[in-house]
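The values are calculated or read from the model by the stated rules, or taken from the named source; none is laboratory data. Keep in mind that what you see is a predicted model, and the values were worked out from it rather than measured. Counting neighbours? That spans all protein chains shown, and the Cβs are built from the backbone with ideal geometry, glycine included. The area values use the complete protein model at the heavy-atom level, side chains included, leaving out ligands, DNA and RNA. Shrake-Rupley method; radii C 1.70, N 1.55, O 1.52, S 1.80 Å.
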Amino acid sequence: MLFSKLSEYYDRLSSIASRLSMIEVMAEIFKDASANEVRPIVYITQGVLSPSFEGIEFGMAEKMVQESVALATGVPKEEVEREYRKLGDMGLAAESIKKRSRLKRMTSDRLTIMEFYNKMLKIAETSGSGSKDAKIKLLASVMAEATPEEAKYAAKYPMDALRLGLGDATILEALSVAYCGGRESKDKLENAYNLCSDLGLVGETIAKKGISAIEKFKVTIFKPIRPALAERLPTAEQILEKMHGESAVEHKYDGFRCQIHKDGKKVKIFSRRLENTTEMFPDIVEAVINEVKVDRVILDGEALAYSEETDEFLPFQKTIQRKRKHGIKEKAIALPLHLFVFDIMLLGNKDMMDAPYIERRKALTELLKHGSILRPSTMIITTKPKELEEFFEDAIENGLEGIVAKDPQAKYVAGARKFSWIKLKRSYKGELSDTLDLVIVGYYIGKGMRSEFGFGGLLCATYNEKRDMFETISRIGSGFTEEQMVELRKTLEKVAVKEKPVRVDAVIKPDFWVYPKYVVTIKADEITRSPTHTCGRSQEKSGIETGFALRFPRLVGESAIRSDKSPEEATTTKEVSEMYKNQKRVSLKE
Ligand code: AMP
């Protein structure tokens, strides 16, 4: 397929306001493409060059893309900059300049998707001294040959600004429609995606080998599994009820989620967001090689700073200091980490994903019995609420966050929040026991004193997994420090869009919409119902439609934006609905 054809499809996608129509168009793209082209199409549509764990990045700042446009069109840099400021989007600026340019492409279309993608990969691979100029020239060479529409997407892609509004779930459904004739196979495709975290690979597999190959998908070493996540419930009784009377209960450590892959002497570590964090933890890598007496293994755990002297866990503020690009070795000595391992997904050649928790746990304890840096998480098995509560109190006293209860019979549920894991954190009476991670979908310009920062608050949303939509739940106007206001304004300006993004469901309008990309942590006193928001919206007896809203919402945490969470990992509408029910149950009791 020609890249110009894909650009036309993208133009169509950008003008669509319904997710169902998006699925149809995306499926059309796949049907139109050859099997070899599916993988690059998936990556380009996701706005990446390859899955995040491979860490391949363009390394092109806004100014560099601007220079490429100038070089390709013969238009002075200043004019490109002016056009960019005027239109607020580098892609639109490139398209408009290209339309006017003397050097407009005269030949008929000929850039194929493969050629386009390979050139883009080459930009990313160019490194070392002189690479800045080389990258600019490479992108300019693509633009010089491009039609205005192609130039638009060639400028947007390196800036992670494609913003087609398609989430992974939409792409999965489109693959199902294109290759299985309907949306029914989406779950199977999602399962394969959960096992390899590489949507391009899933696309290529279904295109080349069909659904039977998707059904046979297995975990692969060095391809991260999308991590299992925990649901929440407020009391020990409710947890045990949900677990059919018996539960494993583990300490909940507040550090870095580490998924460890080991093959011989080669070790890789992936974060919760599936980034490759191996370089950051040389001490853990060494410990895995020394302490794990098996050649091939995939483990799941949490690393946190621990003081041998005082025999105490150190708070997250200490552990987080290990997140750095420089001075890694020195910090590793000053703040050694322990890895509390809580799961095993591969042991030798045995896929452990479908084995019950209790069996995985046995294998894990056996494997780590000689470990000192790697240890199994502390765990009990109980049927008694009182025992669970005491274990929870013990965790809190030890400076931990709380506990995670686990269904002894459950398999490892990749990529999903299921009741096979339930977390319980310290709760404060009268307040919501947990914070919410919400997606920013808009922001407001401040009034009065705030106006000097150009920032007056956020419009935030939950993620509705079923609808693959972001539903608003709160307007947040407090809890910001001056630095945070400046940071938020600067960051959000870059993702501000004119129209409401397709996957955002809202009845109120912020001063600026923003593309759903960033997550913030919010604390509130209570969940209420309100006609202003769309989160969990339903009709009340009175006929009025109400959704969930937050009372006294405020931002928590030092840095405003949670860089470890993607919008799809935010608190879900379903979770809020559960929290609302539980909150009522608690207050009825009091
Ligand atoms: P939360 O981030 O509050 O949704 O809690 C889930 C997170 O707790 C997981 O992503 C892990 O990083 C972390 N965690 C800490 N200890 C455990 C444990 N024993 N079992 C599972 N997850 C744990």
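Annotations
- Filter pass, residue 510 being more than 30 Å from residue 423 (Cα to Cα), in contact with a Lys or Arg (Cβ under 9 Å, 6 or more places away or on another chain) and surrounded by 18 or more Cβ atoms within 10 Å (Cβ to Cβ): yes
- None of 39, 110, 100, 82 is charged (D, E, K, R) and buried (at least 22 other Cβ atoms within 10 Å of the Cβ) except 39.
- Of residues in region 406-419 being open to solvent by 20 Å² or more (accessible area, probe 1.4 Å) and not in a loop (DSSP other than H, G, I, E, B), the one farthest from residue 236 (Cα to Cα): 417
- Restricting 381, 440, 403 to residues that are assigned by TED's automatic domain parsing to the domain that holds residue 581 and either not aliphatic (A, V, I, L, M) or not in a helix (DSSP H, G or I) (or both) narrows the list to 440.
- Looking at 241, 279, 309, just one residue is under 28 Å from the mean Cα position of the chain (by Cα) and either more than 12 Å from the ligand (Cβ to nearest atom) or part of a strand (DSSP E or B) (or both), and that residue is 279.
- If you go through region 328-361 and keep only what is within 16 Å of the ligand (Cβ to nearest atom) and part of a strand (DSSP E or B), you end up with 337, 338, 339, 340, 341, 342, 343, 344, 345.
- Region 221-233 - residue that is more than 28 Å from residue 31 (Cβ to Cβ) and away from the ligand (no atom under 14 Å from the Cβ) and, of those, surrounded by the fewest Cβ atoms within 10 Å (Cβ to Cβ): 221
- Selection within region 362-378 - assigned to a loop (DSSP other than H, G, I, E, B) and either hydrophobic (A, V, I, L, M, F, W, C) or touching a His at 6+ places or on another chain (Cβ under 9 Å) (or both): 368, 372, 373, 377, 378
- Residue check, residue 380 surrounded by fewer than 21 Cβ atoms within 10 Å (Cβ to Cβ), over 28 Å from the mean Cα position of the chain (by Cα) and within 14 Å of the ligand (Cβ to nearest atom): yes
- On the stretch given as region 253-264, residues that are out of contact with any Pro (no Cβ under 9 Å at 6 or more places or on another chain) and either surrounded by fewer than 23 Cβ atoms within 10 Å (Cβ to Cβ) or not assigned by TED's automatic domain parsing to the domain that holds residue 321 (or both) total 3.
- In region 282-289 there is no residue matching the filter, namely being within 18 Å of residue 565 (Cβ to Cβ) and not in a loop (DSSP other than H, G, I, E, B).
- Residue match in region 241-250 (condition: surrounded by fewer than 17 Cβ atoms within 10 Å (Cβ to Cβ), closer than 26 Å to residue 43 by Cβ and in contact (Cβ under 8 Å) with a residue 60 or more places away in the chain): no
- Long-range neighbours under 7 Å by Cβ, at least six apart or interchain, first residue under 21 Å from residue 17 (Cα atoms) within region 148-163, second aliphatic (A, V, I, L, M) and open to solvent by 20 Å² or more (accessible area, probe 1.4 Å): 152/92; 163/497
- Flag for residue 169 being surrounded by 19 or more Cβ atoms within 10 Å (Cβ to Cβ) and either among the hydroxyl-bearing types (Ser, Thr, Tyr) or closer than 15 Å to residue 302 by Cα (or both): no
- Test: residue in region 160-183 that is more than 30 Å from residue 464 (Cβ to Cβ), of a type outside the set (A, V, I, L, M, F, W, C), at pLDDT below 95 and outside any helix (DSSP H, G or I): no
- Selected residue (only one of 268, 216, 252 is of a type in the set (D, E, K, R) and within 13 Å of the ligand (Cβ to nearest atom)): 252
- Where residue 445 falls short, out of the listed (1) touching a Phe, Trp or Tyr at 6+ places or on another chain (Cβ under 8 Å); (2) modelled with pLDDT under 95; (3) within 14 Å of the ligand (Cβ to nearest atom); (4) open to solvent by 20 Å² or more (accessible area, probe 1.4 Å): (3)
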